[in-house]
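J.: Sharing a structure here in C-alpha cells format.
The values are calculated or read from the model by the stated rules, or taken from the named source; none is laboratory data. This is a predicted model, so every value here is computed, not measured. Positions of Cβ are generated from backbone atoms using ideal geometry, with glycine treated the same way; all protein chains shown enter the neighbour counts. These area figures cover heavy atoms from the full protein model, side chains too; ligands, DNA and RNA do not enter into them. Shrake-Rupley method; radii C 1.70, N 1.55, O 1.52, S 1.80 Å.
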Amino acid sequence: MSLKLRKLSYALGAEVCAIDVSQPMSEQSFGEIYRAFLDNNILLFRNQDITRSQHIEFSRRFGELDRHEALPRDRHPQYPELLMVTNEPKPDGSPSDTKYTGRQWHSDMSFTTAPSLGSLLKSYSVPEVGGDTLFANMYLAYEALSDGMKKMIAGLHGVHQSGTRKLANDNTGIARQEEQKKLNPPVAQPVVRVHPETGRKALYIGEKVSRFDGMTEEESKPLIGYLVGHATRPEFVYRHQWCKDDILVWDNRCTMHQALGDFDETQLRHMERTTVLGTPSGYVVT
Ligand code: SIN
C-alpha cells in the first residue's frame, strides 16, 4: 500500500485519504501508517462508519490499550477500552459525567506514571458548528525556546493533577472530580521529554500542571502560564473541525490538545476514545 496523505496544517497533522481502517491490513501497510503517525503527530481518517469492536481492533495496532481504571466513571459500560466524551444526559436525565472532558490544554493520562502513547477519538455525533479540538505541536514549541529557557527548564518536573477544571454546576461533576483525585495522586513528569521513538525533545506541560516539584504554586504559575501560552501560539496549533465518523489519532508524547466548548450545548456531541498505553514516566508526589 502506498499511503495518500494530505497535510492538515503547517504545524502538524495529516489526513490519510481513501482508507477503511476496519479492513484487514498487513504489517507492512500498518507500518506505513505508523511512520506517518510519528512524522505528522496526528492522523485523520474520515468516513469511518465502523463498529466499536472495529475501533478497538484498529487501535490495538498502535499498542496495548488502557482499560481506563483511572477513570472508571467515564468508561463505556460494555467496552472498558472506550472512554466516553459525551454531553448526552444519562438515562435518568442527570448530566453526563464527561460533558466537560478535555476542556483544558492537556496530554492524555499525564497524571499517571504511564502516560498514554496515543489516543484514537471517533466522532459519532457532532454539533452543527463548533465543538472543535485544538492540537499543539510540542516539538516545535520546545525547539522555538531560547537556549537560556531550555537550560532553565531542563531539570524541572511539572506536577500533573487529574480532574477537569470546568465542572458541571451539579453534584455529579464534583463527585467525579473527587473520585478522580482519590484514585490518582499527583504525578511529577519531566517538563522536557525525549520521545522514545523519534529521539526528539518535546515540551510536556499543560493546564493540569499545578506547580513544579520542589516549588510552590505561586512560584510556579508564571512560568507554567508562559510555557502553555508559548506552546499554544497559532503557528504551533491545528484546529480540527469534526465531521461524523472521523477518527483522529494523536501522539500524546509530542502534542497536547484541548476540546472547545464553542457550541450549542443543546446539540449532541458524542465521541468515544481508545487510549494506547505508554511507557513509564514520572513519579508520584506525596
Ligand atoms: C479528549 O481530551 O480526549 C477529548 C477531546 C475532545 O473531545 O475533542
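J.: Among (1) within 26 Å of Ile56 (Cβ to Cβ); (2) surrounded by 22 or more Cβ atoms within 10 Å (Cβ to Cβ), where does Asn137 come up short?
T.: Answer for Asn137: the failing condition is (1).
J.: Return the residues of segment 237-259 that are open to solvent by 30 Å² or more (accessible area, probe 1.4 Å) and closer than 15 Å to Val129 by Cα; say none if nothing qualifies.
T.: Once the filter is applied, which keeps residues that are open to solvent by 30 Å² or more (accessible area, probe 1.4 Å) and closer than 15 Å to Val129 by Cα, segment 237-259 yields Arg239, Gln241, Cys243, Lys244.
J.: Given the criterion open to solvent by 50 Å² or more (accessible area, probe 1.4 Å) and either at pLDDT 95 or above or of a type in the set (Gly, Ala, Ser) (or both), identify the matching residue among Lys151, Lys122.
T.: Numbers: Lys122 fails: open to solvent by 50 Å² or more (accessible area, probe 1.4 Å).
Exactly one of Lys151, Lys122 is open to solvent by 50 Å² or more (accessible area, probe 1.4 Å) and either at pLDDT 95 or above or of a type in the set (Gly, Ala, Ser) (or both), namely Lys151.
J.: Mind checking which strands (runs of 3 or more DSSP E) fall wholly inside segment 1-106 and carry at least 1 residues that are in contact with a strand residue (DSSP E or B) (Cβ under 6 Å, 6 or more places away or on another chain) and open to solvent by 60 Å² or more (accessible area, probe 1.4 Å)? So that I can check it myself, show each step before the final result.
T.: On the way: elements: 5-7, 14-16, 42-45, 83-86.
Result: 5-7.
J.: Now for a different question. Looking at Thr198, Thr216, which one is farther than 13 Å from Val159 by Cβ and polar (S, T, N, Q)?
T.: Numbers: Thr216 fails: farther than 13 Å from Val159 by Cβ.
It is Thr198.
J.: Just one of the numbered conditions (1) touching a helix residue (DSSP H, G or I) at 6+ places or on another chain (Cβ under 6 Å); (2) under 23 Å from Gly261 (Cα atoms) is not true of Ala141; which one?
T.: (2)
J.: Within segment 209-220, does at least one residue satisfy the condition of being within 16 Å of the ligand (Cβ to nearest atom), within 17 Å of the chain's Cα centre (by Cα) and not polar (S, T, N, Q)? Step through it out loud before you land on a result.
T.: At the first step, the residues of segment 209-220 found to be within 16 Å of the ligand (Cβ to nearest atom) are 209.
Add one more test, that the residue is within 17 Å of the chain's Cα centre (by Cα), and what stays is 209.
Filter again for not polar (S, T, N, Q), leaving 209.
The answer is yes; a qualifying residue exists.
J.: Mind counting the residues in segment 264-279 that are surrounded by fewer than 20 Cβ atoms within 10 Å (Cβ to Cβ) and within 11 Å of the ligand (Cβ to nearest atom)?
T.: 1
J.: Within segment 159-169, can one find any residue that is open to solvent by less than 40 Å² (accessible area, probe 1.4 Å), more than 16 Å from the ligand (Cβ to nearest atom), farther than 24 Å from Leu44 by Cβ and in a loop (DSSP other than H, G, I, E, B)?
T.: We begin by selecting, within segment 159-169, every residue open to solvent by less than 40 Å² (accessible area, probe 1.4 Å); these are 159-160, 162-164, 168.
With more than 16 Å from the ligand (Cβ to nearest atom) added as a condition, the list becomes 159.
Checking which are farther than 24 Å from Leu44 by Cβ leaves us with 159.
Next, from what is left, pick out any that are in a loop (DSSP other than H, G, I, E, B): none.
No, the conditions are met nowhere in segment 159-169.
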